[in-house]
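The values are calculated or read from the model by the stated rules, or taken from the named source; none is laboratory data. The structure presented is a predicted model; accordingly, all values stated were derived computationally and were not measured. Every residue, glycine as well, gets a Cβ built from its backbone with ideal geometry; the counts of neighbours run over all protein chains shown.
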Amino acid sequence: MAKSLFDKVWDAHLVHHDGDDCLIYIDRHLIHEVTTPQAFSGLKEKNRKVRRPDKTFATMDHSISTRSLAIDACGPTNALQLRTLAENCQENGIEIYPVGHQKQGIIHVIAPELGLILPGMTVVCGDSHTATHGAFGALAFGIGTSQVEHVFASQTLKQGKSKSMKVQVDGKLGLGVTAKDIILAIIGKIGHAGATAHVIEYCGSAIEALTMEERMTICNMTIEAGAKAGLIAPDQNTIDYLQGREKAPTGADWDAAVAYWQTLKSDEGAHFDTEVSLKAEDIKPQVTWGTNPGQVVAVDELVPTPESMPNDVEKTSCINALKYMDLKAGQKLSDISVNNVFIGSCTNSRIEDLRAAAKVAGLGHVAAGVTAIVVPGSGQVKLQAEAEGLDKIFIDAGFEWRLPGCSMCLGMNDDILQPGDRCASTSNRNFEGRQGRGARTHLVSPAMAAAAAIHGRFVDVRQLGEA
Amino acid sequence: MAGINLHSGTAVPLDIANVDTDQIIPKQFLTAVTRKGYGKHLFHDWRYLDLHEQEPNPDFALNKPEYKNASILLTRQNFGCGSSREHAPWSLADYGFSAVIAPSFADIFYANSVNNQFLPICLTNAEVDALFAAVKADPQTQIDLNLTEQSVSCDGQTYHFDIDPVHKNAMIKGLDAIGLTLELDSHIGAYESKMPAWIA
């Protein structure tokens with residue numbers, strides 16, 4: 001029977017099953033300070049051990065400062081959580097990339113950088129954006145703290161198999177249109193809960209043409225459509241990205257791995273429960289207007305009216321969102337001004353994202369009254385950007401150049417907005433209060449965010465020529 | 001952990017779709033290292049007018065006197081979307097809820113709830129509409145939940161809900177999921193011994 005990529009990875013990880021109740025093996029367990037302390041203490045209470053510390057990797061990212069390397073820079077509560085992670089890792093023999101380590105950074109940025117994520121793996125983390133790693137053809141998904149404890153103790157998870165969805169994007173992207181715009185357009189099309197209970201496989205010529213970093217941006221936001229995971233079949237791009245990375249296999253193991261990875265694609269005629277397709281040529285730079293990532297339009301469109309919504313629930317959501325966002329139905333996006341810009345997060349903080357933003361930043365200077373920060377995703381990204389002089393471009397243009405971390409994506413540190421602030425953000429969620437109570441978030445690509453910083457309002461990057 | 005099977009109580013109507021985990025429990029409360037004490041911060045941004053939780057928002061459903069003792073949360077589609085934070089069901093349970101009824105849930109929230117014996121009940125839109133109408137008409141409307149029977153009874157009507165038999169059994173018995181998996185240790189060991197070197 002023809003198998004999908006998801007079927008192949010799933011089948012290869014079945015340890016045991018009792019009807020539909022499956023026990024699957026986990027190859028990589030990524031951990032951070034926020035969702036693990038209760039799991040470690042649960043283990044201790046039951047006198048259990050971490051079964052495979054060698055498959056478990058930790059970093060500090062969510063609740064750290066982006067201005068200081070001091071662990072207590074964001075107060076004693078954050079510091080206790082960070083120290084608890086360090087102690088738990090030490091006690092259990094888990095490799096950790098703490099604040100100040102050259103390779104520290106956002107877990108979903110550093111894991112691929114280190115070569116920890118390989119095609120065909122299963123990857124979990126107590127973080128919904130674990131979906132990022134599907135870019136490598138790994139089955140990667142976010143889990144809760146009870147499941148983190150389960151993986152610690154057994155290196156497995158009990159799971160029912162999700163349904164499958166194929167999202168095909170064919171054609172060639174226009175100038176100034178990015179991976180971020182593709183995924184926002186997909187979520188806009190299928191809706192914020194459009195892929196709940198599904199694993200998505202992204203395919204088509206526009207997806208094949210993407211770099212690994214762009215694929216990570218796509219898969220990262222899979223959860224914003226409600227899906228459990230998003231996958232992209234590995235190809236030569238994937239292999240080239242991985243070869244020579246610190247934790248990637250070498251020698252005969254590398255050859256065996258590559259031979260296996262080449263089988264990791266959906267067979268002709270594989271079954272999908274749902275199929276969706278988009279034309280790359282139809283996708284324009286996207287800007288969210290509402291309070292979930294499905295509430296999105298192209299930059300040259302108008303803020304929608306509640307009456308245009310497909311049903312009463314969406315209509316009510318639209319009314320509530322317009323009120324929270326202080327927008328009027330029918331308003332032009334280019335008339336919306338911003339006073340904050342955030343370039344960073346596990347969605348868009350990699351070197352290619354910073355290059356795209358710097359290219360636009362170099363065209364001008366941050367507008368009066370706008371605060372703009374750039375937060376590289378990792379120490380490695382920061383070093384690379386500085387080697388290329390991107391930091392200088394940003395600083396000269398009036399942006400702040402910060403230390404790596406999750407930062408203003410969720411504001412667990414002091415990078416938070418004030419009530420009424422309006423932010424063009426390269427992050428993944430525009431929920432009410434996400435970046436600060438009463439603050440308003442518009443999700444955009446790095447180039448669009450940089451352009452908003454310079455103009456103090458949303459502008460279409462396609463009209464900037466160079467970008 | 002204690003199991004859950006029967007529960008009777010009143011419900012509070014939270015008539016909002018796509019309630020995300022940032023609303024259920026905002027990030028500033030995720031810095032704790034324990035599983036308890038999140039109830040007072042539940043729905044912080046909506047529930048309080050101030051940052052210090054001194055001024056309850058009188059317009060928010062949970063603060064209305066008639067819903068003060070509710071132990072069931074009644075809400076709309078895609079409840080619990082967003083992050084994987086298990087603090088979401090921890091805070092709902094710590095506040096005093098035993099169950100949440102909605103037309104649909106986000107996957108991770110649903111799994112986290114089951115793992116905490118916090119009952120997520122999925123009914124159809126029409127059934128949820130009927131419950132909203134009943135609870136809004138009379139806040140003291142009694143709702144009876146029966147996990148064994150997979151039923152919700154209210155106002156002489158009984159609605160059936162689906163739940164994975166594995167989840168159902170684990171919730172009723174309050175089973176230690178990890179302990180059960182560790183009984184399969186020989187299978188896990190056998191799997192590990194067959195892994196190719198590049199991934200082992």
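Here are the numbers for this structure:
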{"item": "Test: residue in segment B:124-147 that is in contact (Cβ under 8 Å) with a residue 60 or more places away in the chain, within 30 Å of A:Thr156 (Cα to Cα) and out of contact with any strand residue (DSSP E or B) (no Cβ under 7 Å at 6 or more places or on another chain)", "result": "no"}
{"item": "Number of the condition not met by B:Ser186 [criteria: (1) more than 18 Å from A:Ala12 (Cα to Cα); (2) more than 8 Å from chain A (Cβ to nearest Cβ); (3) assigned to a helix (DSSP H, G or I)]", "result": "(1)"}
{"item": "Matching residues, segment B:60-73, being touching a residue at least 24 places away in the same chain (Cβ under 8 Å) and within 10 Å of B:Thr10 (Cβ to Cβ)", "result": "B:Glu66, B:Tyr67, B:Asn69, B:Ala70, B:Ser71, B:Ile72"}
{"item": "Any hit, segment A:202-225, residues being away from chain B (no Cβ under 14 Å), in contact with a Gly (Cβ under 9 Å, 6 or more places away or on another chain) and closer than 17 Å to A:Thr274 by Cβ", "result": "yes"}
{"item": "Wholly enclosed strands (runs of 3 or more DSSP E) of segment B:1-107 bearing at least 2 residues touching a helix residue (DSSP H, G or I) at 6+ places or on another chain (Cβ under 9 Å) and under 23 Å from A:Thr145 (Cα atoms)", "result": "B:99-102"}
{"item": "Segment A:243-258: number of residues that are touching a Phe, Trp or Tyr at 6+ places or on another chain (Cβ under 8 Å) and either surrounded by 15 or more Cβ atoms within 10 Å (Cβ to Cβ) or farther than 18 Å from A:Met212 by Cα (or both)", "result": "6"}
{"item": "Where a residue in segment A:28-44 is within 10 Å of another protein chain (Cβ to nearest Cβ) and in contact (Cβ under 8 Å) with a residue 60 or more places away in the chain and its partner, wherever it lies, is hydroxyl-bearing (Ser, Thr, Tyr) and assigned to a loop (DSSP other than H, G, I, E, B), with Cβ under 7 Å and at least six apart", "result": "A:Val34/A:Ser63; A:Thr35/B:Ser84; A:Gln38/B:Thr34"}
{"item": "Filtered residues of segment B:137-146 (kept if surrounded by 14 or more Cβ atoms within 10 Å (Cβ to Cβ) and outside any loop (DSSP other than H, G, I, E, B))", "result": "B:Ile143, B:Asp144, B:Leu145, B:Asn146"}
{"item": "Residue selected from segment B:48-63 under the condition touching a strand residue (DSSP E or B) at 6+ places or on another chain (Cβ under 8 Å) and not aliphatic (A, V, I, L, M), by the criterion farthest from the other protein chains (Cβ to nearest Cβ)", "result": "B:Asn63"}
{"item": "Residues (part of a loop (DSSP other than H, G, I, E, B) and of a type in the set (Gly, Ala, Ser)) located in segment A:101-128", "result": "A:Gly115, A:Gly120, A:Gly126"}
{"item": "Test: residue in segment A:300-322 that is touching a His at 6+ places or on another chain (Cβ under 7 Å), within 14 Å of another protein chain (Cβ to nearest Cβ) and either of a type in the set (Gly, Ala, Ser) or over 30 Å from A:Ala12 (Cβ atoms) (or both)", "result": "no"}
{"item": "Qualifying residue in segment B:75-89 (condition: crowded, with 19+ Cβ neighbours inside 10 Å, more than 13 Å from chain A (Cβ to nearest Cβ) and closer than 28 Å to B:Asp144 by Cβ)", "result": "no"}
{"item": "Residues satisfying the stated conditions in segment A:289-318, i.e. within 22 Å of A:Asn428 (Cα to Cα) and outside any loop (DSSP other than H, G, I, E, B)", "result": "A:Val296, A:Val297, A:Ala298, A:Leu302, A:Glu314, A:Ser317, A:Cys318"}
{"item": "Among residues of segment A:228-281, those that are without any contact (Cβ under 8 Å) to a residue 60 or more places away in the chain and under 25 Å from A:Ala185 (Cα atoms), counted", "result": "2"}
{"item": "Whichever residue in segment A:434-449 is of a type outside the set (S, T, N, Q) and within 19 Å of the chain's Cα centre (by Cα) and, among such residues, is farthest from the other protein chains (Cβ to nearest Cβ)", "result": "A:Ala447"}
{"item": "Some residue of segment A:90-109 being buried (at least 22 other Cβ atoms within 10 Å of the Cβ), closer than 22 Å to A:Ile207 by Cβ, hydrophobic (A, V, I, L, M, F, W, C) and more than 9 Å from every other protein chain (Cβ to nearest Cβ)", "result": "yes"}
{"item": "Within segment A:183-287, strands (runs of 3 or more DSSP E) holding 2 or more residues that are hydroxyl-bearing (Ser, Thr, Tyr)", "result": "A:274-279"}
{"item": "Odd one out for A:Ile393 among (1) assigned to a loop (DSSP other than H, G, I, E, B); (2) over 20 Å from the mean Cα position of the chain (by Cα)", "result": "(1)"}
{"item": "Search result, residues across segment A:172-206 that are of a type in the set (Val, Ile, Thr) and farther than 28 Å from B:Ser104 by Cβ", "result": "A:Val177, A:Thr178"}
{"item": "Leading residue by the ranking (modelled with the lowest pLDDT) among those in segment A:396-411 that are in contact with a Leu (Cβ under 8 Å, 6 or more places away or on another chain) and assigned to a loop (DSSP other than H, G, I, E, B)", "result": "A:Gly411"}
{"item": "Among the residues listed as A:Ala131, A:Ala153, A:Ala140, the single one being part of a helix (DSSP H, G or I), more than 10 Å from every other protein chain (Cβ to nearest Cβ) and aliphatic (A, V, I, L, M)", "result": "A:Ala131"}
{"item": "Evaluation of A:Ala12 against (1) more than 9 Å from every other protein chain (Cβ to nearest Cβ); (2) within 20 Å of A:Ala248 (Cβ to Cβ); (3) buried (at least 21 other Cβ atoms within 10 Å of the Cβ); (4) of a type outside the set (S, T, N, Q) (one fails), failing number", "result": "(3)"}
{"item": "Filter result for A:Ser4 (crowded, with 19+ Cβ neighbours inside 10 Å and not aliphatic (A, V, I, L, M))", "result": "yes"}
{"item": "Meets criteria (touching an Asp or Glu at 6+ places or on another chain (Cβ under 6 Å), closer than 18 Å to A:Ser128 by Cβ, surrounded by 17 or more Cβ atoms within 10 Å (Cβ to Cβ) and in contact (Cβ under 8 Å) with a residue 12 or more places away in the chain) for A:Leu184", "result": "no"}
